[in-house]
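For reference, the structure is listed below as structure tokens.
Values in this text are rule-based calculations from the coordinates and carry no lab data. Predicted model, so just to flag it, every value in this text is computed and none were measured. Here the Cβ is made from the backbone with ideal geometry for all residues, glycine too, and neighbour counts use every protein chain on show.
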Amino acid sequence: MLLVLAVSNAAGATTIDFEELVGSPNIPDDSGPIISQGFEFIVPGGTSGGFGISYNDEGFPGNTGNYLTWVPLFSGSGTLEITTSSGNNFNLQASDFGFAAPDINPGYAIYGYYEDGSSISAIALGNGVDSWLTTSLDSGWSDLVRVEIIGCQACLFGMAIDNVVVTAVPIPGAVWLFLSGLAALGWVKRQAT
């Protein structure tokens, strides 16, 4: 008798909106990482101006809920890094980007990295002071190990993201089949003894 394990790997898109986290009306000074819905957000090297979950901050009006913000404040990193908490790969589909001062921070550079070290990039350009811009990405933003979002490096003004649409990449079916075969062999061997 052969035992076969059937496992469903269907994974739908998740919108990370940070609403389950406690926000602050001011720019908080969390050290990170911030974990939301199985994804980790961190500013590598830290930031001297603040990093964390805010809501209705005067620098980013027009957003009715929580969002993630970070401020380099002249000496910190303008880079936000996104990975999964599990270490699995993921797809990035879209995100809202906040622009507090587009004359100084006119846009964000977005880099996605694959397991083989290669990368993909895109630019999200601002469309006015104190505004939010939704940026959608194409299918090339699939099976990533990490994403870096780079805004203004070492400047006074903050950056923000919200409504990050991601999909976790399921473990390949071949892995499940291999594990099922090992389980079946173990069961057969145990039955024989």
Under 5 Å, built H, 5+ apart or other chain: amide partners of Val169: Asn89, Phe90, Asn91
Amide H proximity to Leu137 below 5 Å, modelled H, separation 5+ or other chain, gives Ala94
If amide H atoms are built 1.01 Å from N in the plane of the peptide, which residues on other chains or at least 5 residues away come under 5 Å of the amide H of Ile16? Val164, Val165, Val166
In Hz, Karplus ³J(HN,Hα) per residue of region 19-24 (6.51, -1.76, 1.60; θ = phi - 60°; x = Gly, Pro): 5, 7, 9, 7, x, 10
Along region 63-70, Karplus-curve 3J(HN,Hα) (6.51, -1.76, 1.60; θ = phi - 60°) to the nearest Hz, with x for Gly and Pro, reads 10, 8, x, 6, 8, 9, 10, 8
Most to least packed among 115-124, 80-89, 133-142 [average Cβ atoms within 10 Å]: 80-89, 133-142, 115-124
